[in-house]
Amino acid sequence: MSHVIVVEFMSLDGVMEDPSGSEGSPHGGWAFRYGPEAVTGDPFGLGELLDTGALLLGRGTWQQFAGIWPGRDDPFSAKMNAMPKLVASRSLGDAGSWQNSAVLRGDLVVEAEKRKQEQDIVVMGSASVVRTLMAHDLVDEYRLLVFPLVLGAGTRLFPDGGAPADLTLVSAQAKGVTARLVYTR
């Protein structure tokens, strides 16, 4: 069976909200304060998953990415553009503005379970999608790029009141000023 893999930029206190600053939050843009080295290339070490997996995004993250990735032509961007992309949305009618994108029709949990039978699913950003998958015990792996700052407020990856989870540290690697942590269930 394949896996559901959540990849996130995250502050030391667990905030995943608005790393690029595009959402206009008070602390937005924090991931880019440290220069491009931490976020360029394949920062999460996805490697082969970029060729074999599917990307699952919420509408907001998909719209942001659809405005960025199609115009880039470096090797990582080419792989992101070529990946199948699934958009979890109740309001987006068409996902044709970014190649290989399709709006998920039906229940997110049911569709994710079905797709997981066929291939790995990589979830980027998309807090509501991640939380839904977490609530249904569907996340198998977390790849976190942790930045050396405490934001004190914002949407956290693991919210208060969430279900406990026992995880195993698979790897910890310095990447510039960040730490890339990989945990599995």
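The values are calculated or read from the model by the stated rules, or taken from the named source; none is laboratory data. Note that the structure is a prediction, hence the values are computed from the model and not measured. Glycine gets a Cβ as well: all are built from the backbone with ideal geometry, and neighbour counts include every protein chain shown. To get the accessible areas, we keep the full protein, side chains included, count just its heavy atoms, and leave off ligands, DNA and RNA. Shrake-Rupley method; radii C 1.70, N 1.55, O 1.52, S 1.80 Å.
Key figures for this structure:
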{"item": "Leading residue by the ranking (surrounded by the fewest Cβ atoms within 10 Å (Cβ to Cβ)) among those in region 35-49 that are hydrophobic (A, V, I, L, M, F, W, C) and out of contact with any Asp or Glu (no Cβ under 9 Å at 6 or more places or on another chain)", "result": "Val39"}
{"item": "Members of region 129-157 found to be of a type outside the set (A, V, I, L, M), open to solvent by 40 Å² or more (accessible area, probe 1.4 Å) and closer than 12 Å to Ser11 by Cα, listed by number", "result": "Pro148, Gly152, Thr155, Arg156"}
{"item": "Residue count, region 74-94 (criterion: over 21 Å from Asp51 (Cβ atoms) and open to solvent by less than 70 Å² (accessible area, probe 1.4 Å))", "result": "4"}
{"item": "Yes/no for Thr52 being loosely packed, with under 15 Cβ neighbours inside 10 Å, of a type outside the set (Gly, Ala, Ser) and at pLDDT 90 or above", "result": "yes"}
{"item": "Filtered residue count, region 20-49, keeping only those that are within 15 Å of the chain's Cα centre (by Cα) and touching a residue at least 60 places away in the same chain (Cβ under 8 Å)", "result": "7"}
{"item": "All positions within region 51-89 that are in contact with a Phe, Trp or Tyr (Cβ under 8 Å, 6 or more places away or on another chain), among the polar types (S, T, N, Q), touching a residue at least 12 places away in the same chain (Cβ under 8 Å) and over 21 Å from Ala127 (Cα atoms)", "result": "Asn81"}
{"item": "Qualifying positions in region 95-115 - under 16 Å from the mean Cα position of the chain (by Cα) and open to solvent by less than 20 Å² (accessible area, probe 1.4 Å)", "result": "Ala112"}
{"item": "Extreme residue, nearest to Val129 (Cα to Cα), among residues of region 55-73 that are among the small types (Gly, Ala, Ser) and surrounded by fewer than 21 Cβ atoms within 10 Å (Cβ to Cβ)", "result": "Gly60"}
{"item": "Per-region count, region 1-34, residues open to solvent by 20 Å² or more (accessible area, probe 1.4 Å) and part of a loop (DSSP other than H, G, I, E, B)", "result": "18"}
{"item": "Breaking point among (1) in contact (Cβ under 8 Å) with a residue 12 or more places away in the chain; (2) over 15 Å from Gln63 (Cα atoms), for Asp107", "result": "(1)"}
{"item": "Odd one out for Gly125 among (1) more than 19 Å from Gly41 (Cα to Cα); (2) crowded, with 17+ Cβ neighbours inside 10 Å", "result": "(1)"}
{"item": "Among (1) more than 23 Å from Asp51 (Cα to Cα); (2) surrounded by fewer than 19 Cβ atoms within 10 Å (Cβ to Cβ), the one test that Thr178 misses", "result": "(2)"}
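Residues checked against (1) in contact with a strand residue (DSSP E or B) (Cβ under 6 Å, 6 or more places away or on another chain); (2) modelled with pLDDT under 95:
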{"site": "Pro70", "(1), (2)": "no, yes"}
{"site": "Asn81", "(1), (2)": "no, yes"}
{"site": "Ala95", "(1), (2)": "yes, yes"}
{"site": "Ala112", "(1), (2)": "no, no"}
{"site": "Asp140", "(1), (2)": "yes, no"}
{"site": "Leu144", "(1), (2)": "yes, no"}
